[in-house]
Each structure stands twice: as structure tokens, then as C-alpha cells.
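Okay, handing you the structure first.
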Amino acid sequence: MRARRLILSLCVSLAGFAAATLGPRRAAAQASSWLYVGGGAGVIDQGQRQTRAALQLDAGLGSAATHPIVLGALFRGQAYFGSGVDLALVARAVSRGFARGDWGLGLDLGIYQRWWGVDSTGAIGNLVLGGPWGLTLLGGATLDKDDQRLYFASLGIDLARLTVHRHSGLNWFANPMRSPED
């Protein structure tokens, strides 16, 4: 009898705890995200300099844009026409304005892998300038242990900053589904 009461009391306590902690609430996820598509050029220095047209794709996630600095990570693919594709994993630090689809600056640092030309693995870094409507300008470089260098620039649009995260230009082009205000 005493064991039944103890088990019943435990079950009622667990049910109350579960209802209090697992009950439905309004979602508060405010993560930043990036989905960039751009074109540009790269200058490859492998003993002799070659210029190649490039297509760049970035996808990544970051912390909430409620703080002045937003930290995150990106997966990057840079295709150099006539050569091959560089794949990279980079850490990103951007200003709040950049993350919210307005004017802002950022810095990307990470590692890359190249399987074309002279295979290499090395460091990649670039500066990012973001404008309203998801407009993005990138400029950067890669460097490996054998001093093989590649310099690149890219201009494109960040589709996530244009749509979900855009808090600028609302008088001209409404954004009814934008991420929450801070």
C-alpha cells in the first residue's frame, strides 16, 4: 500500500514537472543564416599568374543578431572556371547590421581544400562588406604551406539577408516574414 502511494506520488510529480517544462511555448530561435551566391574572379599564383572567372556559393548559420557581433560558420564552394572547385569551412564574425540585411562588415577565417592543379590544403581569409537588400562584396586570399596563393573577389547577393533577415528598406519593399526584432 505504501509502495503504491509512493509510485502514484512520483508519477503525479513527474507529470507536473513535464507539463511545466515541456509545455508549448512561443519559439524564440533567432539564429542568423547566410545563403550567398556571387560571381567574380580569382588570380591563381602557382609559379605563374592565371586569372579565372569564379562562382561562389556560401551557406551557414550564426548566433542571434541581437548582439553587436554575430558569430557563425560557413561552408563555401568556389568554382574557378577552367580549373576546379575549392571547398572551405570558415568561421564568420559580422556586425549586427550585416546580419540583419543592412550595411555591415565581416571577417571570415578558415581552411580550404583544393584537388585541382597542384593539390593543396591551407588557410582562407576574406573581408566581407554587406549592403542593403543582401548585396555583398567579398575580397580575400588563400595560402598553403608551399606558398601557393590565390586572391579572389566576388560580388553577389545573400538570399537569406534579402528575405528572412532583412530589416532595412521596409518602406519600399515590405518583409512581413522577417526574423523577430530584438
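Values in this text are rule-based calculations from the coordinates and carry no lab data. Model, not experiment: these values are computed from the prediction. Note that each Cβ is placed from the backbone with ideal geometry, even for glycine, and that neighbours are counted across all protein chains shown.
Semi-axes of the equivalent ellipsoid of region 45-107: what are they in whole Å, largest first, if each equals the square root of 5 times a C-alpha gyration tensor eigenvalue?
30, 12, 10
Next question, about the same structure. Would you mind counting up the charge near VAL70? Only other residues with Cβ under 11 Å from its Cβ, with Lys and Arg at +1 and Asp and Glu at -1.
Here the count lands on +3.
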